[in-house]
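Enquirer: So that we are looking at the same thing, I have put the structure below in structure tokens.
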Amino acid sequence: MQMVQNVKIVNPDGPQAAASAFTTATNSVNMTNYNRCMIVLDLVQAGAGTATVTLKQGTTTTASTALAYTKYWKNEDGGDTLTQVVASTLTTAGAYTGANRYVFEVKAEDLTKTSANKYIRCNIAALSNNTAANLSYYLYEPRFGSSAGSLPDGDA
């Protein structure tokens, strides 16, 4: 079986100019049928400004409760090597830094069970209008057997 047969890819907005059209307020994914999700945030910061990135969880698509993380991976030099960062906060590289990539891994067990949270989202605040952004969610390790044509729904 190929990887594409076991991964649900969700790209809520597609590449956009961040300040004019890119929003993460309700762009969540449902992890009910998946054990893991990789979140990939690509930014091209051609102008001034940084952004604060947080993860959210919730019982609805608005997912407004903080989801703690202790590490992420980044590439802020336009190359192809990701470096692990042990931290619980992320502020993007900032003005005129070019292409930057940030990657988070979320496990279903990371979600708060007492609240029955099943939705997650990457929350991005204060991106400048000189920044192009693309956000993708890769849901994988389906909890139930699936074939290529019947992956469980991961869309919000």
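Enquirer: Taking the residues in the range 93-125 that are surrounded by 15 or more Cβ atoms within 10 Å (Cβ to Cβ) and of a type in the set (Val, Ile, Thr) as candidates, determine which candidate is farthest from ASN11 (Cα to Cα).
Expert: Filtering the range 93-125 for residues that are surrounded by 15 or more Cβ atoms within 10 Å (Cβ to Cβ) and of a type in the set (Val, Ile, Thr), the one farthest from ASN11 (Cα to Cα) comes out as THR97.
Enquirer: Filter the range 96-122 down to the residues that are farther than 21 Å from ALA25 by Cα, among the β-branched types (Val, Ile, Thr) and touching a residue at least 24 places away in the same chain (Cβ under 8 Å) and list them by number.
Expert: THR97 - this is the single residue of the range 96-122 that is farther than 21 Å from ALA25 by Cα, among the β-branched types (Val, Ile, Thr) and touching a residue at least 24 places away in the same chain (Cβ under 8 Å).
Enquirer: Within the range 140-155, is there a residue that is surrounded by 13 or more Cβ atoms within 10 Å (Cβ to Cβ), modelled with pLDDT of 90 or more and either among the hydrophobic types (A, V, I, L, M, F, W, C) or under 14 Å from the mean Cα position of the chain (by Cα) (or both)?
Expert: yes
Enquirer: Would you say LEU82 is under 17 Å from SER136 (Cβ atoms) and modelled with pLDDT under 90?
Expert: So LEU82 fails the test.
Enquirer: Here is a list: GLY94, GLY78. Which entry is out of contact with any strand residue (DSSP E or B) (no Cβ under 6 Å at 6 or more places or on another chain) and not hydrophobic (A, V, I, L, M, F, W, C)?
Expert: One residue alone meets the criteria, GLY94.
The values are calculated or read from the model by the stated rules, or taken from the named source; none is laboratory data. Keep in mind the model is a prediction, meaning the values are calculated, not measured. Every residue, glycine among them, receives a Cβ derived from its backbone with ideal geometry; neighbour counts consider all protein chains shown.
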